[in-house]
Every structure is written in C-alpha cells, then in structure tokens.
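Q: Before anything else, here's the structure in question.
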C-alpha cells in the first residue's frame, strides 16, 4: 500500500538525501578549481571566454530540467536518475585529459545534463514521497544535502589541488563520486505511484501543456512568474560567484586554500541553513522568506565587491549562503504549492528551466562587465540586479502556503 508522508517513506527518503549529496559533490569540485585552471593552465585572459564553462553548464542544465520534468511522468523518475549518472561519469575524465579550454567547456555540457537529470529526480521524488503537508521540509533537506556537499567538495578539492596539482588528483575524486552515485541510485524506488495517490485525492483538473505552463511562468500566474524571475536572478548571481569570485579573491592576495574556504563556506552555509528555512516556510509561509532572502543576497554581494580583508569577506560569503538558503527551497515550494499533482513535475521542470537560465545570463553579463570594468564592478552590478529582483517579489509574489494568507489562485 502506498502512503504519503516522511515517516512512512523515511528509508527511500534517506537514500535520496545521500544520492543528492553525491550529485552536489560532483559540481562542488569545480567551484574553486575550474576558474583557476582556466586562467593559469590554459591562459584564458578574457573573463567572458573563461565563463563559457558556466554558460555551457547552465544552458544544458536548464534544458535538461525542462525535459526531465516532462519525461518524469512518462518514463519514470528512477530511469532518468540513472541516465543522469551515466552522462556524468565521463566529466572528470574529460577535464583530466583536456588539451584546450574548449574541452573543459564541453565537459560542462555533460555536467549540466547530469545535474539536470539527477538533481531534478531526487527533488521530484522527495516531493512525491512526503505529500503536501511537509513539502517545505522535504525540499529543505534535499537542498541541504546537495549544497552542503557542494561546499565540502569545493573545500576538499582546493585542499587536494593545493597539496598536489589542479589536475588530475581532484578530478579522480570526481570520478569516484559519480560511480558511487550511480550504484546508490539503483537501490532507489520510483515514486510516480505516490504522485498518483496524491493526485487522486486532489481536486480534478485538466492536464496542462508545457506551452501553457511556460506562459503562466512568464507572467500570467503571479506566483509562478515571481518564482521564475527570482530563481533566475538567484542563479545569475550564483554563476558569477562560481566563475569570478575565486579570481577576485586571488587578485587581492589570497592563496588557494583561503580561496577554497571562501568559495566553499558559501554553499556550505547555504546547504546547512536550508534544514531550517525549508521547515520554516511551512511554519510562517513562503513570501517573506523569499523577499528578505533576495535582499540579504544583494547586501552580501555588495560587501564582497568591496571587502579586501579576509574576515569581512568570510562574513559576506556566509551571509550570501544564508540569503540563498532562505530563497532556494522556498521557491520550489511555491511552485509545488500552486501546481496540481497532475502537472507538478512539468511545472518544477519549467521553473528550473528559468532558474538555471540564470547561469547563462550571469556568465555573459558577468564576463562582459568584468572585461570592461573589472571584477568588483561585475559583482556590484549583480548585487543591484538581485536587489531589484527582491523588489519584484515584494510587489508581485502572493503567499501560496495554505493557512498563511491568501493563496494565489491558479488560472484555469
């Protein structure tokens, strides 16, 4: 008998938490090493060219998120999870052997597919298992596992690189992560039946096409469109933080280990704090966590752009992680609140399409501004955009969690 709820499904839920930690660890290895590798080993002087690895990752991850959401109900969650790991295994090997920067950019195309399939499936499967009552908590735990692993992996990768070299040793760890993640995923059970149980108990609603959901997420639905723009800007600033902040820290005299700590503390705080913010959104609602979180991110980025001493930079990166933790699981919870179980997987895929498009836009914008005005100006521009996104959320985002205000009606 299929039952919804965290307690009834804790074994599968716990397995998926571990799997998503391995998903996050895959991308965490790149947080410090790839920008330094591009500048020092491959001699990539242009910031725009350097950030091509972020753009390639974001483009394929965004498109894969959309495809994963659409396909999840058709071919099953588990099959897509396993397929994602199979695509991810070659990534560290390509980077180890890469003769030019273009090979690294190509490897990140595959990494985007890996992350889009694996992260989407672990997220959707957890939402399926727990049902509507503890959705914020489930998403908080999912994002905690992934992003805490990103931070730990970033720090570990920088320590390995400082003790050995930028290649191949850190990426041998990446190959091991991918193989273990694949084998763990074979033990997972598909959760599509849980989604069907929830759908059967919900009000009847006609299925929506991908096109209709896209239209709603651009403007027509206030909740979906507000979440989409905030998610896009959130990952825009994350892409710039990934690609440019290690170079900014190196430019003011930090060594690789200090850079690793600064780059790693941000996703580590982001991950750990989501254990609290996901559950908090169930208790107090979604809207204010998102609005305040965007403003906290903007203030932290502004401080990073001007900080030269280590302690203020560490505090700013920690604050950036906290602000992101307030926003990240809560935005997915908004989408899950509004979307009917019959089209929820597709809606999450569409949201993640817009959100991860931010990596592409951030890479282009950050690279161009950094080439023309410098690294600090690039970070400052992104801080201003993040503040503006918070204002948009303040003006348009309704409360979507039942019991905490007026739940936004979903147009039929």
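Nothing in this text is a laboratory measurement; each read-out follows from the coordinates by a stated rule. A quick note: this is a predicted structure, and the numbers were derived from the prediction, not measured. In this analysis, Cβ positions are derived from the backbone assuming ideal geometry, glycine residues included, and neighbour counts consider all displayed protein chains.
Q: By counting other Cβ atoms within 10 Å of each Cβ, how are 344, 254, 372 ranked from fewest to most?
A: 372, 254, 344
Q: For the chain, what is the relative contact order in percent, using Cα pairs closer than 8 Å and at least 6 residues apart in sequence?
A: Here the relative contact order equals 27 percent.
Q: Counting other beta carbons within 10 Å of each Cβ, put 56, 376 in order, fewest first.
A: Exposure proxy ranking, most exposed first: 376, 56.
Q: Could you list 401, 40, 194 in order of exposure, starting from the residue whose Cβ has the fewest other Cβ atoms within 10 Å?
A: By the 10 Å Cβ count, ascending: 40, 401, 194.
Q: Who wins for biggest fluctuation among 297, 12, 115 in a Gaussian network model of the chain, springs between alpha carbons below 10 Å?
A: Of 297, 12, 115, the most mobile in the Gaussian network model is 12.
Q: Between residue 310 and residue 133, what is the FRET efficiency for a Förster distance of 41 Å, r being their Cβ-Cβ separation, to the nearest 0.05?
A: 0.40
Q: Spin-label point model (7 Å from Cα, Cβ direction): what's the residue 196 to residue 93 distance in nm?
A: Here the answer is 3.7 nm between the modelled labels.
Q: Using helices alone, what [θ] at 222 nm do you get for the chain, with -39,500 (n - 2.57) per DSSP H run of 4 or more residues, divided over all residues and rounded to the nearest 500?
A: -27500 deg cm²/dmol
Q: While we're looking at this one, here's another question. Which one of 309, 221, 371 has the biggest mean-square fluctuation once the chain is modelled by GNM with Cα springs under 10 Å?
A: Looking only at 309, 221, 371, the largest GNM fluctuation is found for 309.
Q: Work the Kirkwood hydrodynamic radius out for the stretch 1-81: mean of 1/r over every pair of different alpha-carbon atoms, inverted, in Å. Let's see the in-between values first.
A: Working: mean 1/r = 0.0630 Å⁻¹.
That comes to 15.9 Å for the stretch 1-81.
Q: By how many degrees, 0 to 90 and rounded to 10, does the Cα axis of helix 192-201 deviate from the longest principal axis of the chain?
A: 40
Q: Go ahead and set up a Gaussian network model of the chain, Cα springs under 10 Å, then flag whichever of 380, 241, 187 fluctuates most.
A: Evaluated over the chain, the most mobile residue of the options is 187.
Q: If you don't mind, another one. Distance between Cα centroids, the stretch 214-263 to the stretch 121-139: provide it in whole Å.
A: Rounded to whole Å, the Cα centres lie 24 Å apart.
Q: Kindly give the semi-axes, whole Å and largest first, of the ellipsoid equivalent to the chain, taking each as the square root of 5 times a Cα gyration tensor eigenvalue.
A: Gyration-tensor ellipsoid for the chain: 33, 24, 18 Å.
Q: Still on this structure: Given bins 10 angstrom wide, list per bin the percent of all Cα-Cα distances in the stretch 347-404, short to long.
A: The percentages, shortest bin first, are 19, 37, 29, 12, 3.
Q: Can you quote the Å³ per residue value for the convex hull of the Cα atoms in the stretch 12-151, rounded to an integer?
A: 100
Q: Now for a different question. With a Förster radius of 35 Å, plug the Cβ-Cβ distance of residue 18 and residue 165 into 1/(1 + (r/R0)^6) and report the FRET value to the nearest 0.05.
A: Values: r = 30 Å, r/R0 = 0.85.
Step by step, r from the Cβ atoms, then E = 0.70.
Q: Taking the Cβ-Cβ separation of residue 373 and residue 272 as r and a Förster radius of 41 Å, what is the calculated FRET efficiency to the nearest 0.05? It would help to have the intermediate numbers written out before the result.
A: Values: r = 34 Å, r/R0 = 0.83.
E(calc), rounded to 0.05, equals 0.75.
Q: From a point 7 Å beyond the Cα of residue 41 in the direction of its Cβ, which residues of the stretch 69-105 have a backbone N at a distance under 15 Å?
A: Counting only backbone N, you get 91-105.
Q: Here's another thing I want to ask about it. Distance from the Cα centre of the stretch 342-363 to that of the stretch 72-106, in angstrom?
A: 19
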